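Take a look at the structure set out below.
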Amino acid sequence: MVEERSLTGKTILVTGGAGFIGSNLIHYLLENYSEIKIINLDKLTYAGNLDNLRDVETDPRYEFIQGDIRDRALVAKVIPKVQGIIHLAAETHVDRSILDAGEFILTDVFGTFVLLDVARQIGQLEFFLHVSTDEVYGSRETGYFSEDDALNPSSPYAASKAGADRLAHAYWVTYRLPVIIVRPSNNYGPYQYPEKFIPLFITNALEGKTLPLYGTGENVRDWLFVEDHCRALELVIKKGKIGEVYNIGANNEIPNIKVARQITQHLGKSEDLIKLVKDRPGHDQRYALDCQKIRRLGWAPQVSFEEGLQRTVEWYCQHEEWWRKIKEKSSDYRRFYKQYYQDR
Ligand code: NAD
Ligand code: DAU
């Protein structure tokens, strides 16, 4: 029986808190815990966006530090102030990792090493929650990956996450750093950067642009609403066993073509916008997780894909300024898409 950990009265370091999952998680924790302090350490790469956290920036329970998880001196100043770490900071887009893997190795692997190593030296943490990904297992046509299955990543992104995942595990085995690892499936919801499949397709459809579906469109992802993911992270912090790995998936396995069609239907747009384009190199066919372990802890997704997609589409319709600022004003976004479309 694991003794339950509490978040009340604690100071928690969230790395990568200005990104998609991080900003949803910070909102979730501040809404649900009146006595908590969150320190958000984020480098503000192209994917980090302080607009995601405008409504909490003056909250006395929240502190933002702009900085790099690879900066050992900075990390060594922050970690002594906290009882727990939720490590989300990473380079996260598979297509970018295919164009240039360097930053993925430096942040996802080396950055994770710096956090783990400083945490080990300082030594006061109650938990270090490492957010890995289901992509570390690789692809499978049938059946489900459980936590004990071998890792077989396909993309440079997934390989860098697999390196970080096993390094975090090694810091538990070797140094007894209180690491817990989660491997979540594809998240979707508000504040997701419009390079990822669902927000790209919603915003392109709103702009009347084509929806570039890779290959045959038959690849399958298991879609997890970000709020359900936040609830799972909270539960794992409270009840998860130190040293263990937990898959987090919602059993929403849907082929991309079907998701693309649902997006056009939600928006009342023509399916003719969907255009099959050259496939992603090494494109994983299917991700599928066995999630019995986290379900035994007491978690289950609460938001169906129909409801989650509806809420996500509505959010992008109501926050046009948020995504237009990225799509129209970010030089990085334009640079990436120039190169990306040259390849397709
Ligand atoms: P994101 O790309 O939206 O955000 C990443 C954040 O990390 C950004 O705010 C960025 O500025 C910050 N960051 C990047 N490099 C940094 C560095 N060197 N130092 C400090 N901050 C840095 O990512 P996301 O989709 O929110 O994913 C968060 C985490 O969850 C990642 O570790 C990712 O691998 C994992 N994950 C994501 C999904 C998903 O579907 N989005 C699924 C499973 C796992
Ligand atoms: O599975 C978890 C992972 O999910 C996370 O670890 C990653 O950080 C996150 O980016 C995501 O990876 P995917 O590669 O699955 O997500 P992406 O949104 O890039 O693509 C989802 C599916 O849609 C995939 O099969 C590729 C396809 N796709 C994607 C884009 C961007 C398209 O068909 N067209 C597109 O333009």
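Modelled this way, with points 7 Å down the Cα-to-C-beta line, the labels at Tyr341 and Leu235 are 4.3 nm from one another. Normalising the average separation of contacting C-alpha pairs (under 8 angstrom, six or more residues apart) by the number of residues puts the relative contact order of the range 54-161 at 32 percent.
Shown here for the range 247-284: trypsin sites (Lys or Arg not before Pro) in loop regions (DSSP other than H, G, I, E, B) with at most 13 other Cβ atoms within 10 Å, namely Lys278. Considering only alpha-carbon pairs that sit under 8 angstrom and 6 or more positions apart, the relative contact order computed for the range 36-105 is 30 percent. For the range 123-233, carbon and sulfur atoms together expose 49% of the accessible surface, with a 1.4 angstrom probe and every protein chain in place. Our compactness index for the range 232-344, the C-alpha radius of gyration over the empirical 2.2 N^0.38 Å, is 1.39. The count of lysine pairs in the range 185-289 with alpha-carbon distances below 15 Å, taking only pairs 8 or more places apart or on different chains, stands at 4.
Comparing Pro60, Pro178, Pro80 in a Gaussian network model of the chain (Cα springs below 10 Å), the most mobile by mean-square fluctuation is Pro60.
Between Lys77 and Arg311, what FRET efficiency comes out of the Förster formula 1/(1 + (r/R0)^6) with R0 = 25 Å and r the beta carbon distance, rounded to 0.05? That gives a FRET efficiency of 0.05.
In this structure, Leu106 and Ile242 have a Cβ-Cβ separation that, at R0 = 22 Å, corresponds to a calculated FRET efficiency of about 0.20. Taken over the range 1-76, the alpha-carbon convex hull comes to 116 cubic angstrom per residue. Diffusion coefficient of the chain by Stokes-Einstein, Kirkwood radius over Cα pairs, 37 °C, 0.692 mPa s: 161 µm²/s.
Along its principal axes, the range 1-42 has C-alpha extents of 34, 22, 14 angstrom, given from the largest down.
For the range 203-275, the Kirkwood radius over C-alpha pairs fed into Stokes-Einstein at 20 °C and 1.002 mPa s yields D = 147 µm² per second. For the chain, the solvent-accessible area works out to 41 Å² per residue, with a probe of 1.4 Å and every protein chain left in place.
For the range 206-260 versus the range 71-97, the spacing of their alpha-carbon centroids is 22 Å.
The values are calculated or read from the model by the stated rules, or taken from the named source; none is laboratory data. This one's a predicted model, so the numbers in the text were calculated from it and none came from an experiment. Using ideal geometry, Cβ is built from the backbone for each residue, glycine included, and neighbour counts are taken over all protein chains shown. The area values use the complete protein model at the heavy-atom level, side chains included, leaving out ligands, DNA and RNA. Shrake-Rupley method; radii C 1.70, N 1.55, O 1.52, S 1.80 Å.
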